[in-house]
1. Given (1) assigned to a loop (DSSP other than H, G, I, E, B); (2) at pLDDT below 95; (3) surrounded by fewer than 10 Cβ atoms within 10 Å (Cβ to Cβ), identify the lone condition not met by G14.
2. List every residue pair whose Cβ atoms sit under 8 Å apart, with the two residues 6 or more apart in sequence or on different chains, where the first one lies in region 8-36 and is in contact (Cβ under 8 Å) with a residue 60 or more places away in the chain and the second, anywhere, is hydroxyl-bearing (S, T, Y) and within 9 Å of the ligand (Cβ to nearest atom).
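The values are calculated or read from the model by the stated rules, or taken from the named source; none is laboratory data. Just so it is clear, the model here is predicted, and its values are computed rather than measured. Here the Cβ positions follow ideal geometry from the backbone for every residue, glycine too, while neighbour counts run over all protein chains shown.
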Amino acid sequence: MSLPNPKVRCPTCGKVGDWFAGPFGPFCSRRCKLIDLGKWLGEEHVISEPLRPEHLEELSGVPRSNAEPRAGDDGAARPS
Ligand SMILES: [Zn+2]
């Protein structure tokens, strides 16, 4: 005779259910698990990373290097 999974309280949101039966351990959902993980690692880095000036410079540099004219391509070697 086996008992059903015991009801536990989600550490993040406090919802009660048999969360141990799910893939997220004692948490009721993936979101609650990530939120709790974020508390350990530092919420700012986990939830969202703000856009930094370095990223914009990287993006603006791509089309410029692409538009550079090729050296030696002046048509001098074309057949007559
Ligand atoms: Zn929860």
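1. (2)
2. Going by the 8 Å Cβ cut-off, there are no qualifying pairs.
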